[in-house]
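Before any comments, here is the structure.
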Amino acid sequence: MSYENPGGSPVPSFEGDGPGSTRSGDGRTRRVTAAGVAALMLVSGGIGAGAAAAFRNTPTASPSVDLTPRGSGGLVSPTAPPTTSADAASVAAQVIPAVVDVNTRLSGGGAAAGTGMVLSASGEILTNNHVIEDASEIRVQVSGTGPSYSAHVVGYDVSDDVALLQTEGAPSLVTVKTGRSAALNVGDGVIAIGNALGRGGTPAVTQGVVTGLNQSLTAGDAIGPSNSLTGMIAMSAPLQEGDSGGPVVDHAGAVVGMNTAAAGGGRRSSSSIGFAIPIDRALSVVNQIRAGQGSGAVHIGQRALLGVVLQDASSSIGGASGSTAPGAAVSSVPPGGPAAGAGIASGDVIVELGGTAITQASDLTAALGRYHPGDKVSVAWVDGSGRRHTASVQLTAGPPS
């Protein structure tokens, strides 16, 4: 889709851009993300169903995103957590050895930071998909102060915002203890842990209570499309950008959720309430990835790229006639990629991939999700004069969407 940045100039989308993603002029991705915590503190007060804000996991990222709760049951006013700060710190100290900072270099330039949790001694890391979105390089640092290791993507689910990473060359790692999000009730105390503001160091800790279950959120802002998150846990915890993918634990130290979005506050400021993906759902995706069971939502391994930069509007393909047609309009074609080799050029419109009709940029993203690097697939496009072309291309490896 073509978006407008705060300065008003067009910002093209890329094949890998999922809902809620845009790219700034310097190529860095702005993400709908969730946040972590700035300090150990109690949370009180409530939140209505009005505008809220999701923070982005890049410390230099752009403005907040509106999140409007619209889930079943609504939100209740939080009460004071049933434990003291000292109790929360004690619980967190048991979990932090299994928490990692997730630091990435982005394929378009720039860097991003988030959080993850160790699922297996062999180095499997659970995090949000948006934390590793568009990453050309991933490194994880244990406890924010420990050793750092390279990692690669095993698989991911864009719609559920879940990703599974595998560290490379790490020794046996301490793992989190997982609980059951299905056992949570409104009013239960929870503790959130993560890489607040992406600043590294010992993970930050905060606590609150569950204020809502099965919440649905609509995330969107002036510079990108809306993104839907469903079945979320709402909690009264002050959150900040950078803690996406961090664990939410109960007072026994068992992980019951994963930080994913925040409501209230503003960029780099604390949020009055946070939203977490239930751990039951996240582990269901993880188990599907482990089993190598790809689907329309779950992608196994690296993502395949055609090698185009796209615009998401219907584009003129009729030359002087100015007629329009649906498709994925090509803004530019990086040299050396499959699209360039096939002769696709700026201004062309991709209308079919592997027999699937393409009517907008998101169709191409979805169609590519069924393939892997090295796969050969047919592609059809229409040039500026309205002439249709077809070719067989071999897809190349790219960052996750």
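The values are calculated or read from the model by the stated rules, or taken from the named source; none is laboratory data. Please read all numbers here as calculations on a predicted model, not as lab measurements. Note: ideal-geometry Cβ built from the backbone for every residue, glycine included; neighbour counts use all protein chains shown.
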Worksheet item: Of everything in region 322-374 that's touching a Lys or Arg at 6+ places or on another chain (Cβ under 8 Å) and small (Gly, Ala, Ser), which residue is nearest to Val393 (Cα to Cα)?
Response: Gly354
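Does region 92-128 hold any residues that are among the hydroxyl-bearing types (Ser, Thr, Tyr) and over 18 Å from Val162 (Cβ atoms), and which are they? Walk me through it before giving the result.
The initial filter retains those residues of region 92-128 that are among the hydroxyl-bearing types (Ser, Thr, Tyr), namely 104, 107, 115, 120, 122, 127.
Residues satisfying the conditions are Ser107, Ser122.
Against the definition (outside any loop (DSSP other than H, G, I, E, B) and outside the structural domain of Ser216 (by TED's automatic domain parsing)), how does Val154 come out, yes or no? Walk me through it before giving the result.
On the way: outside any loop (DSSP other than H, G, I, E, B): yes; outside the structural domain of Ser216 (by TED's automatic domain parsing): yes.
Judged against the criteria, Val154 is a match.
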Practice prompt. Of all residues in region 128-142, count the ones that are more than 13 Å from the chain's Cα centre (by Cα) and in contact (Cβ under 8 Å) with a residue 40 or more places away in the chain.
Written response: 4
Worksheet item: Residue check, Pro225 against (1) at pLDDT 85 or above; (2) surrounded by fewer than 24 Cβ atoms within 10 Å (Cβ to Cβ), all met but one. Which one?
Response: (1)
Worksheet entry | Residue ID - surrounded by the most Cβ atoms within 10 Å (Cβ to Cβ), chosen from residues in region 159-168 that are under 12 Å from Gly116 (Cα atoms) and touching a strand residue (DSSP E or B) at 6+ places or on another chain (Cβ under 6 Å) | Ala163
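Let's see how each residue does on (1) surrounded by 18 or more Cβ atoms within 10 Å (Cβ to Cβ); (2) β-branched (Val, Ile, Thr); (3) free of Cβ contacts under 8 Å to residues at least 60 places away in the same chain:
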{"position": "Thr115", "(1), (2), (3)": "yes, yes, no"}
{"position": "Leu126", "(1), (2), (3)": "yes, no, no"}
{"position": "Thr145", "(1), (2), (3)": "no, yes, yes"}
{"position": "Ala151", "(1), (2), (3)": "yes, no, yes"}
{"position": "Ala170", "(1), (2), (3)": "yes, no, yes"}
{"position": "Gly189", "(1), (2), (3)": "yes, no, no"}
{"position": "Thr206", "(1), (2), (3)": "yes, yes, no"}
{"position": "Val209", "(1), (2), (3)": "yes, yes, no"}
{"position": "Gly212", "(1), (2), (3)": "yes, no, no"}
Worksheet item: Looking at (1) over 26 Å from Leu229 (Cα atoms); (2) of a type in the set (Ser, Thr, Tyr); (3) surrounded by 24 or more Cβ atoms within 10 Å (Cβ to Cβ), which is the only condition Tyr156 fails?
Response: (1)
Worksheet item: Which members of region 284-316 meet the condition of being among the basic types (Lys, Arg) and either modelled with pLDDT of 85 or more or assigned to a helix (DSSP H, G or I) (or both)?
Response: Arg290
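Just checking, which of Ala320, Ala276 is modelled with pLDDT under 70 and either in a strand (DSSP E or B) or more than 24 Å from the chain's Cα centre (by Cα) (or both)? Give the derivation first.
Values: Ala276 fails: modelled with pLDDT under 70.
Step by step, each of Ala320, Ala276 is checked, and only Ala320 is modelled with pLDDT under 70 and either in a strand (DSSP E or B) or more than 24 Å from the chain's Cα centre (by Cα) (or both).
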Worksheet item: In region 87-115, what count of residues is obtained for those that are at pLDDT 95 or above and touching a helix residue (DSSP H, G or I) at 6+ places or on another chain (Cβ under 7 Å)?
Response: 1
